[in-house]
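The values are calculated or read from the model by the stated rules, or taken from the named source; none is laboratory data. Just so you know, these numbers come straight off a predicted model, no measurement behind them. Heads up, the Cβs are rebuilt from the backbone with ideal geometry, glycines too, and the neighbour counts pull from every protein chain shown.
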Amino acid sequence: IAAEVTVSPLPAGIGRGALIAILDQSVAEEAEQMRRDFVANVSHELRTPLTAMIGFIETLRGPARNDAKARDRFLDIMEREANRMNRLVHDLLSLSRVQSEERRRPSAEVDLPGLLRSVMATMQHSADEAGVSFETEGLDIDLSLPGDADQLVQVFQNLIENAIKYGTSGGRVRIGLQRIAYEPLLRGPGWAIRVEDFGEGIDEMHLPRLTERFYRVDTHRSRAQGGTGLGLAIVKHIVNRHRGRLRITSRKGEGSRFTVILPETLQRG
Ligand code: ADP
């Protein structure tokens, strides 16, 4: 524990003795360390595609100057790296926005089944490409919950995108909605939205850290699939803002289930 201790004499006339102030600095230091780690991670993530691009520019100016085939191939790679940087910056901005809004309760109402259906429609193309089919359960009801529609779209886009990416090719992704009469974590009724895949699954030891910024089980794999490692961190902050909970269960080799539990009503405060 880091602490700052100051001892000062009592002002004249109050009596004999001293004032002892102990300031616990461990929390502040931990936050500062996290900030430093984050900046180091961001720098590293941005530098990787940049270094690759600079290398290809040098090669194109030099040895590959007159090689049309190499030029096309290198330009393709450079485009991919530039797109990766673009996605990273986009996700960093999203993360920063959701973090700054986390304390403000959402004031609108959201048609949750409609929102889930429209997210599935926008992801249909990538599902088709991966040969994944969607299954739904409990979406054919009328339900409106307090929430921020744009942010909830982001949550389910991220979860469904991951389920497609890390699920089995040719497999299925199940999206279910269910009421929970009493959710102890919310101390009241809630709605559980499950996004489930039957793919590779996640080793138990990784589960508690999955929502950390830039935490990936397999960095190579995530990068190769265009991941930034920020998706679940963004999801966590949005769910927190909705006073909800994110529950992750998974079995290696069997698949994963990400459950977002949203409160039926938002209490004051
Ligand atoms: P990424 O951009 O790498 O997908 P996320 O924050 O969305 O970043 O996820 C963090 C990590 O969690 C991923 O790199 C992956 O290792 C793991 N992960 C997320 N969703 C799944 C899933 N449905 N199945 C298996 N692993 C997953």
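Can you name the residue in segment 193-229 that is in a loop (DSSP other than H, G, I, E, B), more than 7 Å from the ligand (Cβ to nearest atom) and hydrophobic (A, V, I, L, M, F, W, C) and is also nearest to Arg179 (Cα to Cα) among such residues?
Phe198
Regarding segment 256-267, can at least one residue be identified that is modelled with pLDDT of 95 or more, within 21 Å of Glu161 (Cβ to Cβ), surrounded by fewer than 17 Cβ atoms within 10 Å (Cβ to Cβ) and polar (S, T, N, Q)?
Checked against the condition, which is being modelled with pLDDT of 95 or more, within 21 Å of Glu161 (Cβ to Cβ), surrounded by fewer than 17 Cβ atoms within 10 Å (Cβ to Cβ) and polar (S, T, N, Q), segment 256-267 yields no hits at all.
Considering segment 68-89 alone, what residues qualify as being farther than 16 Å from Arg47 by Cα and surrounded by 12 or more Cβ atoms within 10 Å (Cβ to Cβ)? Spell out how you get there, then give the answer.
Restricting attention to segment 68-89, the residues satisfying the condition of being farther than 16 Å from Arg47 by Cα are 68-76.
Result: Ala70, Arg71, Arg73, Phe74, Leu75.
For segment 1-47: of the residues being touching a helix residue (DSSP H, G or I) at 6+ places or on another chain (Cβ under 8 Å) and surrounded by 11 or more Cβ atoms within 10 Å (Cβ to Cβ), which is farthest from Gly229 (Cα to Cα)? Let's see the steps before the verdict.
Going residue by residue through segment 1-47, those that are touching a helix residue (DSSP H, G or I) at 6+ places or on another chain (Cβ under 8 Å) are 1-3, 42, 45-46.
So of that shortlist, the ones also surrounded by 11 or more Cβ atoms within 10 Å (Cβ to Cβ) come out as 2, 42, 45-46.
Details: Ala2: 31, Val42: 11, Glu45: 10, Leu46: 13 Å.
Selected residue: Ala2.
Any residue that is touching a residue at least 40 places away in the same chain (Cβ under 8 Å), of a type in the set (Val, Ile, Thr) and surrounded by fewer than 19 Cβ atoms within 10 Å (Cβ to Cβ) - is there at least one of those in segment 178-192?
yes
Which residues, counting only those in segment 161-171, are over 17 Å from Arg221 (Cα atoms) and either surrounded by 18 or more Cβ atoms within 10 Å (Cβ to Cβ) or away from the ligand (no atom under 13 Å from the Cβ) (or both)? Give the derivation first.
Pass one, segment 161-171, residues over 17 Å from Arg221 (Cα atoms): 170-171.
Within segment 161-171, Gly170 is the sole residue that qualifies.
Give the residues of segment 131-160 that are buried (at least 16 other Cβ atoms within 10 Å of the Cβ), within 16 Å of the ligand (Cβ to nearest atom) and not in a helix (DSSP H, G or I), sorted by residue number.
Once the filter is applied, which keeps residues that are buried (at least 16 other Cβ atoms within 10 Å of the Cβ), within 16 Å of the ligand (Cβ to nearest atom) and not in a helix (DSSP H, G or I), segment 131-160 yields Val132, Phe134.
Looking only at strands (runs of 3 or more DSSP E) that lie completely in segment 1-117, which have at least 2 residues being of a type in the set (Asp, Glu)? First the steps, then the outcome.
Details: elements: 3-9, 18-24, 109-111.
Here the list reads 109-111.
State all residues of segment 241-258 that are closer than 18 Å to Ile180 by Cα, in contact (Cβ under 8 Å) with a residue 60 or more places away in the chain and away from the ligand (no atom under 12 Å from the Cβ); if no residue qualifies, say none.
Within segment 241-258, His242, Arg243, Arg245 meet the criteria.
Give me the pairs, please: first residue somewhere in segment 32-56 and within 18 Å of Ala233 (Cα to Cα), second residue anywhere and in a helix (DSSP H, G or I), beta-carbon distance under 6 Å, and either six or more positions apart or on two chains.
Note: pairs meeting the criteria are Glu45/Leu88.
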